[in-house]
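Undergrad: My structure is below; once you've seen it, I'll send some questions.
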Amino acid sequence: MRPASLRQAQWHAHVNAVNAPPALRHWLTGGGSLTAKLKAHSQAFRVQCLHQHTARCLSDEAAIIGLHRAGRVWEREVLLRCDGRPAVFGHTVVPMQATATDWPLFSALGERSLGTTLFGDRMVRRGELGYARLRAGHPLVQRARLALAQDGCVIDDQALFYARRCLYQRHQGLLLVTEVFLPAVLELSLNASAA
């Protein structure tokens, strides 16, 4: 495998293609708001905004958000925390041409959940979920690992991360949300099954 391929994600329309562990499948495939599901599996849920600014989108994101090649976008990255532990790394990109009318609350989200906003707006149309298995060289894994390291969590260099993404549309504006599931989410599953 060439090193460059480690930086690319191969996205699939069906979860079976990524061979996710059984305990992770219901997190990857569940309908509805991931925020609501995480809240239901924890005592305390919090969104930690890592940043929200302009950036260059990833090469595997460009086409799906209507760009001919990787270019400048609005980018937001967060950790979704359950009972203080990071459970999901969230990455959102919005093309620069999207207007405040398309996504009126995006620029002022702060520590609020994007999922709550998306699922609470009847004008938002949700696309199909896509699934990927991300290796250590993928930019989102590198960013998630950095955020975890700052939190005192160390992850094996060979660990695979499972992710899903979904394209949302409101008016003419597109918004792509990618969720990378972190090891702590499996403990939520165990806790839920023991309850």
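All of the numbers you see were taken from the coordinates with simple rules; none came from a lab. Model, not experiment: these values are computed from the prediction. Cβ atoms come from the backbone with ideal geometry, glycine included; neighbour counts cover every protein chain shown.
Undergrad: Given Cα pairs under 8 Å that are at least 6 residues apart, what percent is the relative contact order of the chain?
TA: Answer for the chain is 27 percent.
Undergrad: Which order, highest average first, do 173-184, 137-148 follow once you tally other Cβ atoms within 10 Å for each residue and take the mean per peptide?
TA: Ranking the peptides 173-184, 137-148 by packing returns 173-184, 137-148.
Undergrad: Using each residue's phi in the range 19-33, evaluate 6.51 cos²θ - 1.76 cosθ + 1.60 at θ = phi - 60° and report the 3J(HN,Hα) Karplus result to the nearest Hz, with x for Gly and Pro.
TA: 6, 6, x, x, 5, 9, 4, 6, 6, 5, 9, x, x, x, 7
Undergrad: Now, a different point. At 7 Å along the Cα-to-beta-carbon direction for both A23 and C49, put a label point, then send me their distance in nm to one decimal.
TA: So the two model labels end up 3.3 nm from each other.
Undergrad: Give me the number: length gained by fully extending T101 to H12, i.e. 0.36 nm times residue separation minus the C-alpha to C-alpha distance, one decimal in nm.
TA: 28.9 nm
Undergrad: Rounding to the nearest 20 debye, state how big the charge dipole of the range 102-195 is about its Cα centre with +1 on each Lys and Arg Cβ and -1 on each Asp and Glu Cβ.
TA: Dipole of the range 102-195, to the nearest 20 debye: 360 debye.
Undergrad: Report the full-extension gain for the segment A63 to R112: residue separation times 0.36 nm, less the Cα-Cα distance, to one decimal in nm.
TA: Taking A63 through R112 to full extension adds about 14.8 nm, to one decimal.
Undergrad: Dividing the convex hull volume of the alpha carbon atoms of the range 48-100 by its residue count, what do you get in Å³ per residue?
TA: Numbers: hull volume 4.5 nm³, N = 53.
Dividing the Cα hull volume of the range 48-100 by its residues yields 86 Å³.
Undergrad: Using a simple spin-label model with points 7 Å from Cα along the Cα→Cβ vector, what separation in nm is obtained for A159 and K39?
TA: 2.7 nm
Undergrad: Another question about this same structure. Need one number for the range 97-165: average projected area of the convex hull over its C-alpha atoms, nm².
TA: 6.5 nm²
Undergrad: Per the helix-only calculation at 222 nm, which mean residue ellipticity applies to the chain, given -39500 (n - 2.57) for every DSSP H run of n ≥ 4 and division by its residues, nearest 500 deg cm²/dmol?
TA: Calculated from helices alone, the mean residue ellipticity at 222 nm is -6500 deg cm²/dmol.
Undergrad: Hey, what's the per residue convex hull volume over the C-alpha atoms of the range 21-114, in cubic angstrom?
TA: Per-residue hull volume (Cα only) is 122 Å³.
Undergrad: A follow-up question, please. Compute and list, largest first, the equivalent-ellipsoid semi-axes of the chain from the alpha carbon gyration tensor, each √(5λ) rounded to a whole angstrom.
TA: So the three semi-axes of the chain are 24, 21, 16 Å.
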